[in-house]
Every structure is written in structure tokens, then in C-alpha cells.
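See structure below.
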Amino acid sequence: MCGIVGYIGKRNAAPILMDGLEKLSYRGYDSAGIAVIGAGDRITVRKAKGRLENLAALLAASPAEGCVGIGHTRWATHGEPSDLNAHPHTDVKGGIAVVHNGIIENHEALRRFLTAEGAVFVSQTDTEVIAHLLKHLYRGDMKEALLRAIAMLEGSYALGVVCDAEPGVLYCARNDSPLVVGFRDGEGFIASDIPALLSHTRDVLFLEDKEIARLDLGGVSVYDAYGTPSHHELFHVDWDIDSAEKGGYAHYMLKEIHEQPEALQKTFAPRRPQTPGVYEWLPLSPEEARRLRKISIVACGTAYHAGVIGKYAIERLARLPVEAEIASEYRYRDPIIGEEELFIAVSQSGETADTLAALREAKRRGARVMAVCNVVGSTIAREVGEVGTLYTYAGPEIAVASTKAYMTQVEMMVMLAIALGELRGTLPRQEADRMLRELAQLPAKAHQALESEPLLQRFAAGASQKKHVFFVGRGLDYALSMEAALKLKEVSYIFSEAYAAGELKHGPIALLQPGRLVVATITQPALLEKTISNLREVTARGATVVAVCRESLVEKVEGSVEQIIPIPDADDLLAPLLAVIPLQLFAYCMAVSRGCDVDKPRNLAKSVTVE
Ligand code: G6P
């Protein structure tokens, strides 16, 4: 999704803006641009469709010099990806330039109004109305114009603004879209996300909704929607820029897959009970846990798939009904939720627009809310609050396709299930202790599971031209198959579909024929025989079956499938955490074999901050 950056200082802005955009490129984009204020206080805009290299080439041919500027990577929503629709957008005379992440919902009404006032629109974007609106409202102070504009804009935005009448000032504003501000040694920075600021400063502040910030060489001033100065504590970023760089791996996705043992360890260690039965990190008393009547886990994409595993785990251990639901559906379906119900938002970024809206809806209806989130200081984490946010410690995840964040989300779900089970008296202490011991062993087993990589590379080399892949499993293995299918289609563009193995014969079996590839996940002993019968139905139609299979079950599966990819043994609820590793590696190797842009798949965005 769009990324914005801004710089004010004494250095040439363009290279700093380009570096920031590069750091945000993981968010997904289809065009990019910058605007800088240079000699004679004139704004120079350069923008180009496609990759940042195109913009870099344009800047090499016709440089944009100046010490104040804004930059943008655009993920098209209103209007096709093109040079013209790329940001920054300006007013008619080019004296005000704006970059924007989000969607202005009343842009059509504003466009009509501004056109009647003499504005001439050149792009199809919703953003362009902001530039014209600011021009219309400007009376010599951009802060005042911004405050008035914000009162008129409906929708979501993170904005960066420069204007030639105030050449030494950089402005920004936000509502529902992320924005981080940093300042150090006479230089100010704004960005959609922390990695773009880390090489400049570790002390940042997060703007709240409808706040604006004014940056000049002297520092940063923040104002609320009424123009009253507001105070912000600085947030110190304690993770390193190195953890957001590739560190010798060919792709971020591969690096992040390999970081999973460490991510598992970091997420579990601080939550391992010091005293048996005491779960200090859980923001519920035993009494509150017992009184719960229902849990709703709401999320998007991969985080939703982690939520589905959470449903299985919590229902099994805590004997509590759990709904796992996609946020974009939840928010509009008039959900039944209220007191004595727990709503859990799961989000790597903590910025996904639909998940945030669903969370707000649940809060409005009186539910108790919690979040499982990977980004400290993100909007969802802040709306839920310190106590209710269960952070996953996966570290920054850069590849668009989520791997290590998913891993830790699932781990968090299992920990939650154990804690709730014990507090509710549905999981005996001994059983809880055994599972916790197994959780502690998981990182070492995840290392072992990573050893399947060469096998998967070879397999992918032979299978990469497949046009369709089915993923099947039962129970938790079905939940895992959903994630495996998503991973494959995201990064390799191969059509992939997940099916509950028992459901195959109700339709999809019609598609099975010689040459089709079916990937089965087999980690649940109780469902083994049933799954094997389903796989026989598949092989009888001539399709090829590859099985990711728990070591202790391999013997029973042999002979029923073409190839087995073994994973170490683990508790039934934990085995999916190991099985997902070869499935992620499979998607990765297939994408590499097909020459795909693994870390930045087409059309996808890492952080989906629009509906
Ligand atoms: C996008 C990303 C996915 C992610 C989903 C939810 O679609 O490409 O990788 O799973 O958003 O994101 P969240 O940050 O809320 O987990």
C-alpha cells in the first residue's frame, strides 16, 4: 500500500527521499514520485510509473535539488498506475505539493466544488483534490489551511505537504493511515513506517488521528484538530536496521522463513509461566476467563488463517465457542457481540483498515477487546492499549507474503488456548505444563524443519510449471492448507485452492486428473485414516500427491502418496507450526523457479490501509 516520506534539513532531499521510499517498497507499489523545494523556492516534481529504478533514472536525467521534500510510492486505488496518477499532486500553479496514503471518500463532491471554483484536475486520483483544496483554503499559513482541510476531508489519510510560500517547512497529517515523525540534529523526517526513518533516528513519535505536525529546522510541533498544541512522548525503537535488511539471503521471504525459530523463542520466552498456572501476560483474571461466553477472532489474509488455528486450539483446550472471521465481512454483518465476549484482532502490521474498523465496531458494541500484533505503536495496538495487546516478537517483516509473523501469531493462539484452558479449568495443570514444555522445544524443531529446503528446491524445479495446485488436509491441517494455498498464489501466481480433504468429493474432485498436483498436510493422528482414504480418491484420478507429514505418521502414509516431506514430531496442536515451514518453502521455491518477484508480488501490499 502507498508509502509516504518527507525530509527537511540542510542536505539534498532527493537521495534521502529515495532511500526512504526504497525502505518502504515492501509495502507494494506501482509508481513513485518526489517533490522538492529548490532554488527560487520553486517546487520540482518528478514521478514515474513502475519501479523506483524508473524514478531514479528520471532523477539522474533531470535532477531535483533542494533541502525540503516529500516522496511517495503509490499502490493504485483511484485511476490506473501511470505517470500522471503517481504522487505528488499539486494545485494548478504547482505551488502546493501533496503525497497521500489512504482514500478520500468524499473526493467526488470536493472535486465538483473545487472545479466550480476554478481548479483544473489532471489526474484520476482522489488525492489531487487535497492539493486543490489546500490552495483554496490557503491564507498565508499552511497549518491553518490544513486544519480547515482536515475538517472537510472524509476518509483515511496520511499526508505530506510542502508549499512554495513556506519553503522551509514540511507539514504532515493523519487519520486512520499510519504516519511516523522523527527529528534529530536539525533534520526532520516523516514516513509511513519506521524502517524508512531508522538510518536517521531511533526516537520517533506517532501522530494520532486528525493531528497535524509542522516540521522546520528548529523541530517538530504537533497540533490536534482544533489547532491546539499536543504533547507526544518519543518512542524509542530498539530493533536494529539490520533486522530489516536481507543479511545475505537472496530474498526477505527466505530470510524471514529462516528467522522463525528465533521468532518463536522470543514470543514464547517472556510468557512462560514462572509459577505454574499463573499467566501474568493474559489481561484476564481467572474469574473473567471463566465468565467468557464466546470469542471472536477477526483478521485479514494470513492473520485470519492464524485466527482459524486459534479457533481450533481455543475450542479444544478452553471449551469455549470461537468464531474466526474475515474483518471485511465482520465489520458489515451486524455481528452479535457484547459483554462477556472477547474480541481478538490479529494483525501483523496493526494498521489493516478492515481489522481496525472491525475492532472499533466490537468496542462500540461493548465487547472486551484484545489484539495480537507485531508492530509496537501501531494503530491497532494503541487502540487496544498496552495491557490488551499481546505482541508477537517476530521482528520487522518486510516480504509482502507473511511467514514469521504468521508463525508467531499461531504460537500466540496456542499460548492463549493453554492459558484460557487452565484458567477455565478445562485443561489439567499437568497437560498445560506438558504443552508449555513442548512449546519451549519448538524453536529447535523448527530448525530441523528448515532442513527440508533442498528437497523442496528440487521438487519445485520439477513442478514449477504447474498451473493449479490443491492443498488438502483435515482439522488443523485444513486450516494450514488455507495458508499454504494463499502463500503459493501470492508469490508464484499459480492458481491454488485449499480444501478440507473430506469435502473434495463434493465438487473439486471433478478437477482432478493426471498431471494435477495435490499437496496434503498430515499432522493429526486422529484424522490420519480418513485423510489417507481421501488421498486414495485423489491418486485414483491420476493426480500426484505430495504430503507434508509428521515423522511418526510417515510409515502409515508411505505407499499412498508420491512423495513425503517429513517434519519433526510434536504435540497435535503444535505440529502445524512445524508443517507450515516446508509449505512456506514450497511457495518460495516455486516462485523462485518461476522467476517471480518474490518479495514484492504484483498487485499486493504489505500493509492494507484502505478498505
Ligand atoms: C495484506 C498482506 C498479508 C497480510 C494481510 C493482513 O494482505 O499482504 O500478508 O496477511 O494484509 O495484514 P496484517 O498486517 O493485518 O496482518
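The values are calculated or read from the model by the stated rules, or taken from the named source; none is laboratory data. Just so you know, these numbers come straight off a predicted model, no measurement behind them. Glycine gets a Cβ as well: all are built from the backbone with ideal geometry, and neighbour counts include every protein chain shown. Side chains are part of the model used for accessible areas, which takes the heavy atoms of the whole protein and leaves out ligands, DNA and RNA. Shrake-Rupley method; radii C 1.70, N 1.55, O 1.52, S 1.80 Å.
Points worth noting:
- Taking every full run of DSSP H in the chain, the ones that stretch at least 20 Å from end to end by Cα along their long axis and average 0.5 or higher on the Kyte-Doolittle scale are 404-424, 575-593.
- When the chain is described by a simple charge dipole with +1 on each Lys and Arg Cβ and -1 on each Asp and Glu Cβ, the residue from 130, 8, 81 located farthest towards its positive end is 81.
- Inter-part distance, the stretch 478-542 to the stretch 249-299, computed on C-alpha centroids, equals 29 Å.
- Among beta bridges from DSSP that stay inside the chain, the antiparallel ones total about 60%.
- Neighbourhood charge, 11 Å Cβ-Cβ cut-off, centred on residue 583 and excluding it, Lys, Arg +1 and Asp, Glu -1: -1
- Gyration tensor (alpha-carbon) shape descriptor, the chain, a/c threshold 1.5: prolate
- For the pair residue 441 and residue 113, the difference between a 0.36 nm per residue extended length and the Cα-Cα distance amounts to 111.8 nm.
- Net charge of neighbours whose Cβ lies under 9 Å from the Cβ of residue 356, counting Lys and Arg as +1 and Asp and Glu as -1: -3
- For the residue pairs 49/606; 210/404; 445/530; 445/489, the alpha carbons lie more than 31 Å apart in 210/404.
- Tail beyond 19 Å, pair distance distribution of the stretch 349-414 (Cα, percent): 31 percent
- Centre-to-centre separation between the Cα atoms of the stretch 74-101 and those of the stretch 349-422: 33 Å.
- Packing-based order for 280-292, 245-257, using average beta carbon neighbours within 10 Å, highest first: 245-257, 280-292
- Shape category assigned to the stretch 286-397 from the gyration tensor of Cα positions, a/c cut at 1.5: rounded
- Length-normalised contact order for the chain - Cα pairs under 8 Å, 6+ apart - percent: 12 percent
- Taking a ≥ b ≥ c as the square roots of the eigenvalues of the Cα gyration tensor, an a/c ratio of 1.5 or more together with a/b no larger than b/c marks the stretch 465-513 as oblate.
- Counting only protein chain heavy atoms and rolling a 1.4 Å probe, the accessible areas of 272, 174 rank, largest first, as 272, 174.
- Legend: residues 438, 329, 555, 128, sorted from most to least accessible area (1.4 Å probe; ligands, DNA and RNA excluded), read 555, 329, 438, 128.
- Each principal axis of the Cα atoms in the stretch 16-141 has its own extent, and those three values, largest first, are 38, 34, 21 angstrom.
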